[in-house]
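What follows is a set of notes on a single structure, which appears directly below.
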Amino acid sequence: MMATNNSTGILTSAYLAVEYVDSFLPQNPLQQPFKNAWISMLNNYTKFQIATWGSLLVHELAYFLICLPGFVFQFIPYMQKYKIQKDRPETWEMQWKCFRKLMFNHFCIQLPLICGTYYFTEYFNIPYDWEHMPRWFVILAQCYGCAVIEDTWHYFLHRLLHHKRVYKYIHKVHHEFVAPFGMQAEYAHPLETLILGAGFFIGIALFCNHLILLWAWVICRLLETIDVHSGYDMPLNPLHLLPFYGGARFHDFHHMNFVGNYSSTFTWWDKIFGTDSQFQSYVEKVNKQKQVMEKKTK
């Protein structure tokens, strides 16, 4: 009991400290327009429309907008130096095949799940109004908590899907692309969409205290999964500021090697269970080759 009280006290103190610092920061110029747009949405649409069609719109817009830079990079010669598997460029045939399956998964698998959003928010009395919207730093903390939970679920279930008895029936579909690209992030067997996608909802069930968290977590999760599937290791990537973040090289190796690096976001589960050993050996080999080439050019 004493430990619980101490933990609660630490979290409360941290929250108050961040809120105190935030009070001295200049007001975000986007806050008022965002508030006006949110209130207008509440006044013009029903809760069911907001939860269902709003969630679908957030997902589709976020997905393809986040995919757009990676799609454009393939036409810019300068960006090819950041491509991880340079010998495996994207093709129109691959991208069209990916897009067709995405549309099927998005509207035949994910949309029925999204339709349950309204009933989820009603059952747990989750508010939509502006007055109950959490502060920005609370939303970020909740999204981070969701990411930790989803990453744990993803590691163990993803590793299970690689078992020889089930791999060829489900997860093999996702591995049709040895060199991943951003749009391929949700290219998967319908069962995989349900199995691995379940991890997305665990954090929501635990933390959700406003509709905004659902949409913020959708965007954060898409940013992460499209980044690690992008096929490009970009410099100055802000996601690399996250402690233990795997990134594109970490997950790209999983597609290239098929074994190891099972986590979705962070690297700790792979480090704990040693499933990143082949990746670490590969990195050492690549670094040695670079050193040899640098010595030859001097």
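Observations
- Tally of residues being within 16 Å of Phe253 (Cβ to Cβ), assigned to a helix (DSSP H, G or I) and touching a residue at least 40 places away in the same chain (Cβ under 8 Å) across region 167-184: 2
- Residue count, region 252-274 (criterion: among the aromatic types (Phe, Trp, Tyr), within 26 Å of Asp87 (Cβ to Cβ) and crowded, with 16+ Cβ neighbours inside 10 Å): 2
- Residues in region 81-103 that are part of a helix (DSSP H, G or I), surrounded by 13 or more Cβ atoms within 10 Å (Cβ to Cβ) and out of contact with any Phe, Trp or Tyr (no Cβ under 8 Å at 6 or more places or on another chain): 2 in all.
- Screening Tyr63, Tyr20, Tyr45, Tyr15 for residues that are at pLDDT below 95 and surrounded by 13 or more Cβ atoms within 10 Å (Cβ to Cβ) leaves exactly one candidate, Tyr15.
- Residue within region 275-286 that is under 22 Å from Glu186 (Cβ atoms), surrounded by 10 or more Cβ atoms within 10 Å (Cβ to Cβ) and small (Gly, Ala, Ser) present: no
- Failed item in (1) touching a Ser or Thr at 6+ places or on another chain (Cβ under 9 Å); (2) assigned to a helix (DSSP H, G or I), with Ala141 passing the rest: (1)
- For Leu57, the criteria (1) in a helix (DSSP H, G or I); (2) at pLDDT below 95 hold in every case but one, which is (2).
- Complete set of residues in region 110-138 that are among the basic types (Lys, Arg) and part of a helix (DSSP H, G or I): none
- Selected residue (criterion: surrounded by the fewest Cβ atoms within 10 Å (Cβ to Cβ)) from residues of region 104-154 that are among the acidic types (Asp, Glu) and more than 30 Å from Thr267 (Cβ to Cβ): Glu131
- Failed condition for Arg249, given (1) under 18 Å from the mean Cα position of the chain (by Cα); (2) basic (Lys, Arg); (3) farther than 17 Å from Lys83 by Cα: (3)
- Within region 274-285, residues that are at negative phi reach partners that are assigned to a loop (DSSP other than H, G, I, E, B) with beta carbons closer than 6 Å, at six or more positions or on different chains, in the pairs Thr275/Gly260; Thr275/Tyr262; Asp276/Gly260; Asp276/Asn261; Gln278/Gly260; Phe279/Gly260; Phe279/Asn261.
- Residue ranges of helices (runs of 4 or more DSSP H) in region 205-298 with at least 1 members touching a Cys at 6+ places or on another chain (Cβ under 8 Å): 211-228
The values are calculated or read from the model by the stated rules, or taken from the named source; none is laboratory data. What you see is a predicted model, and the numbers here were worked out from it, not measured in a lab. Positions of Cβ are generated from backbone atoms using ideal geometry, with glycine treated the same way; all protein chains shown enter the neighbour counts.
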